[in-house]
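The values are calculated or read from the model by the stated rules, or taken from the named source; none is laboratory data. Just so you know, these numbers come straight off a predicted model, no measurement behind them. Cβ atoms come from the backbone with ideal geometry, glycine included; neighbour counts cover every protein chain shown. For the accessible areas, the whole protein counts, side chains as well, though only heavy atoms, and no ligand, DNA or RNA atoms are used. Shrake-Rupley method; radii C 1.70, N 1.55, O 1.52, S 1.80 Å.
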Amino acid sequence: MTFQSLILKLSEFWASRGCALQQPLDVEVGAGTMHPETFLRVLGPAHWRVAYVQPARRPADGRFGENPNRLFKHHQFQVILKPAPDDVQQMYLDSLEACGINPRQHDIRFEEDNWESPTLGAWGIGWQVMFDGMEISQFTYFQQAGGLELAPISAELTYGLERIAMVLQRVDSVYDIEWAPGVKYADVRLRDEIEQSKYVFGQVEIPGVEFGAFHRDLFEKYYLLATALLKAGLIWPALEHTLKCSHLFNILDSCNSIGVTERTAFILRIRQLAIGVAKTYVEGDAATSDPAPAIEGAS
Amino acid sequence: MDRELLLEIGCEELPAGWLPGLTNQIGETVDVQLRAHRLPPESPVETYSTPRRLTVRIVRIPERQNDLEELVTGPPVSASFKPDGTPTPAAAGFAAKQGVDVGALERLQTPKGEYLAFRRRQRGKATVDVLPEVLRDSLRGLQFPKAMHWDAMLEDGKGDLLFGRPIRWILYLYGGRVVPFSIARTAAAQTSQVQDVATGAVTYGHRFLTTSGRAGRAIKVRSFDEYRARLLENFVILEREERHDKIARELDAKAQRLQGRVSRTVNHETGLLLEVPDLVEYPSVVAGTFGVEFLELPEEVLTTTLIHHQHYFPVEGEDGTLKNAFLAVINTEPDNERTIARNAERVVTARLRDARFFWEADRKIPLEARIDRLGTLLFHKKLGSYKEKAERIERLAEWIASDALSADAATAKLAGQAARLAKADLATDMVREFPELQGVMGGVYARAEGQPEEVWKAIYYHYLPIGVEADAPPTKAQLGKAAVTWAAVSLADKLDTIVGLFAAGEKPTGSRDPYALRRAAQGVVSVLAGTTTITSVSALVDQAYQGYGGKEVANPAWRSAVFEFIKEREAYLLERRGYEAGEVQTVAEFWEWPLTALRRVEVVSKYRASTEFKSLGQLFKRVKNITKDFQPTAPLVEMCSRLSEPAETALADEMARRVPAIANALGQEAFGDVMREIVALVQPVDRFFTEVMVMVDDPHLREARLTLLCKLKESILSFADPSAIVQDDK
């Protein structure tokens, strides 16, 4: 099964379980959780089911295309089921079967792994799903987001698409994954990986300033903008610019520009923005619409 | 009639680390609730668990609740009857509430006067009618290290039911019949796919395996025996012990096939074999290998990758060195052994490749060059960075080595050097990736840089000891030439942390100890209890404080607080080493010297049971009481001439010989000899108290006798306070 048909299979599977298929957020993020379809939708009482692919950027994991398992940018398939249905674990296992994984021939386990994002003021209880010793998904029951207690509880399923593709295709390097018939992952992404790594590790000269200082400056500007947008009650733009700050923080962190001392302060500032966004969303009309499930499960 | 109670709470996978505790807890909770509901179990409470179930079975519980008889108090008699003798509205109202006439009420005498009362007898209900409440209250009673909301609630007025993981089914049988009960779901979550969890007569087997039918389907059962048998047919081994033994057997067999054995590291340093039975319902073992080139990585990195990250067992050869192989415990039948092993190998290889990347990258920068980077790593907001800490403990470790451990100047220098580099690995990629390797990794890098044994081993082991057991610190053989430098660095690091944080006002509370100061203080006393020092604890503490160079102090009472804290930890250490609280109390005065406190208490404990020692405790208590308000004004020799009774001169003579002997033996720390001398005094002291009256009218004689006893007290106290045990024996 190619990388793209894996995405198609998962999309088809979750669409048939009542999920609206969304598109990736067009802002740099570290995880699918940051997409408003997760971060905002898990707040408030409205029921919701959604699935989408989200490219996730982790600057510190950039390896110049030389490491077969670590990537500056990988792809997550994200599913939100709100509220979490009683058979959510079985649904997840069925989705693996739909992708051609026979669970009877492997060792599939749910091992404790609680998830926490200090920058989003969010945490949940759950597992990493282990497939023959490899983590292929993160499974979380959201308990809090943007500093707010959640009810009802959402289940978040995050599939590591590259990992699953490697298992299905039995390849040892991510770059050997067949993306489309005759097209390798390397053909699609390798140059991107190399160049992004060079960038985030500061192998670029910016006339007149130092790399770190330049990005700090960007951070401050986006922080200012996010604050202003929040004040104006523009929730989506405010969230997007909060995410810009989060991404810049990740870049600064990966090129060792932030002392550990400063880290906490950076994280706190981003979290305060995220909490502000969540509060404004819940207080406004957006979240208080009828909890009647618009798209109840079809299965 | 069959009176078996069987309860299985079917959950989504519970964390392995919780299972041992939860299994005990659910048994205790159900037992407590049965008793509270007047259904005391008539046979032992048995408990079982797998990641997906918590099970309680009791062969016999009563058929009916015990009858209840209680006295309900009404209004005072004085307010119950009008002058004409007819009941007041208060009395009539009370009687009506109880459903009887006023005439049927009793009179009850209380300290507050006479009251009307009704003796209510309630016949016990049938067990099956009470069991729903038992389950309800048991569900509320369970405590989890971290509980979650899952849109569930109980109809007991207490709202949401938090739990460790969502509950998906409940098997609840009494005498083979279902006890009805259900967990409701909150209004906010209810849909056709979020439903109440009702009890039933079914369980579920392994998610993917079965010997008949479809895997994962509901299995109907009527009794525990059937339950256990059907689970086994469906690939769930209910008994933890059986899972453990199956794992241990298969590990050994597979290791032998690899011409090796399971690495001893697993047994010595981790509880892996204790943990894996709680990760699986039907364990098997598969073997995998990795490229021999990874054996060039330090052993610590290999085992951490395998054990901590993958829960895999490393394999070693006859000579004790690691082989390029591992054993994985899986939760399925090994029909597809090769496929599963191949995938596991792929993960291990990926992780080792990462580790090798860090190993090669980290060694390009020497530890010394990383100290500047520590300047950005905050130790504590009031106490500065790790760079400052490194500089403080460099000086402190050197001082401890020379001034407390009597090391030569060269060794002290090496201790200082080790302390300076001890935290440098916090700035390496390897420790960022594997935080549990802090210290160890610094030691490994120092070794690779060619630092002498005294330095790299001191870094390697400086976080130890962590526990209170005698074998928690590294052994002499492990330390080799680094015994002194290790003790100096380990003490310096911990003392610096304790003193700094106490002074900064971060004293831990009963429930909060975010800087793990309790563990640090435990480490300090543990090192000191195994090392000969020439300085007291207070001198070490004061020296550590000097390192902060007069930084502003948030808690001016820090010094006495630190002493109290260390004292407590020392008492705890001695108790954990097997000495009773009373025995530990006898040497509490000597807390400043943990090693001698330990040696003294050893001796006290040995003599403790002897009759002499028991009388010594009693007599010594009398000595202490009688001399409580007395201060000798002249030396004993000047007083001796005033003594004439045979019993008192006999004691004085005995003391003239034994007191110097006690002092002499103490000087040589020959505590056994001290004890023998003290015990020899029991008989003369006993005779003294029998025959001699101390508090006589003659002030000169009284003073002489009190001076004699004071001398005796002083001499015995210089070893221990035997009266501390007397209180204990009460």
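Results, tabulated for the structure shown:
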item: B:Ala248 vs. criteria of a type in the set (Gly, Ala, Ser) and either over 24 Å from A:Glu112 (Cβ atoms) or in the same structural domain as B:Arg207 (by TED's automatic domain parsing) (or both); result: no
item: Hey, B:Leu279 touching a residue at least 24 places away in the same chain (Cβ under 8 Å), within 13 Å of another protein chain (Cβ to nearest Cβ), hydrophobic (A, V, I, L, M, F, W, C) and more than 14 Å from B:Gly260 (Cβ to Cβ) or not; result: yes
item: Residue satisfying all of: in the range B:133-166; among the small types (Gly, Ala, Ser) and in a loop (DSSP other than H, G, I, E, B); surrounded by the fewest Cβ atoms within 10 Å (Cβ to Cβ) among these; result: B:Gly157
item: Qualifying position, being in a helix (DSSP H, G or I) and open to solvent by less than 20 Å² (accessible area, probe 1.4 Å), among B:Leu701, B:Leu709; result: B:Leu709
item: Helices (runs of 4 or more DSSP H) completely within the range B:441-503 that count 2 or more residues being of a type in the set (A, V, I, L, M, F, W, C) and at pLDDT below 95; result: B:476-479, B:483-503
item: So B:Lys364, is it assigned to a loop (DSSP other than H, G, I, E, B) and more than 12 Å from chain A (Cβ to nearest Cβ); result: yes
item: Conditions (1) closer than 24 Å to B:Glu46 by Cα; (2) away from chain A (no Cβ under 12 Å); (3) not β-branched (Val, Ile, Thr): number failed by B:Glu250; result: (1)
item: Residues being farther than 22 Å from B:Gly617 by Cβ and in contact (Cβ under 8 Å) with a residue 40 or more places away in the chain - total across the range B:664-682; result: 1
item: Single unsatisfied condition, A:Ser154 versus (1) buried (at least 19 other Cβ atoms within 10 Å of the Cβ); (2) more than 14 Å from chain B (Cβ to nearest Cβ); (3) closer than 30 Å to A:Val282 by Cα; (4) of a type in the set (Gly, Ala, Ser); result: (2)
item: Residues that are more than 15 Å from B:Ala350 (Cα to Cα), within 12 Å of chain B (Cβ to nearest Cβ) and part of a loop (DSSP other than H, G, I, E, B), drawn from the range A:53-71; result: A:Phe64
item: Any hit, the range B:169-176, residues being part of a loop (DSSP other than H, G, I, E, B) and either touching a residue at least 60 places away in the same chain (Cβ under 8 Å) or out of contact with any Pro (no Cβ under 7 Å at 6 or more places or on another chain) (or both); result: yes
item: Residues of the range B:627-648 that turn out to be assigned to a helix (DSSP H, G or I) and crowded, with 16+ Cβ neighbours inside 10 Å, as a count; result: 5
item: Residue, farthest from B:Ser182 (Cα to Cα), within the range B:194-210, restricted to residues that are open to solvent by 30 Å² or more (accessible area, probe 1.4 Å), of a type outside the set (Asp, Glu) and within 13 Å of chain A (Cβ to nearest Cβ); result: B:Thr210
item: Residues located in the range B:1-17, provided they are away from every other protein chain (no Cβ under 14 Å) and surrounded by fewer than 21 Cβ atoms within 10 Å (Cβ to Cβ); result: B:Met1, B:Asp2, B:Arg3, B:Glu4
item: Residue list for the range B:134-168, filter: in contact with a strand residue (DSSP E or B) (Cβ under 7 Å, 6 or more places away or on another chain), acidic (Asp, Glu) and either without any contact (Cβ under 8 Å) to a residue 12 or more places away in the chain or more than 14 Å from every other protein chain (Cβ to nearest Cβ) (or both); result: B:Glu155
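Conditions tested, residue by residue: (1) surrounded by fewer than 19 Cβ atoms within 10 Å (Cβ to Cβ); (2) within 11 Å of chain A (Cβ to nearest Cβ).
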| position | (1), (2) |
| --- | --- |
| B:Leu274 | yes, no |
| B:Phe290 | no, no |
| B:Glu296 | yes, no |
| B:His309 | yes, yes |
| B:Ala328 | no, yes |
| B:Ala341 | no, yes |
| B:Phe358 | no, no |
| B:Gly375 | yes, yes |
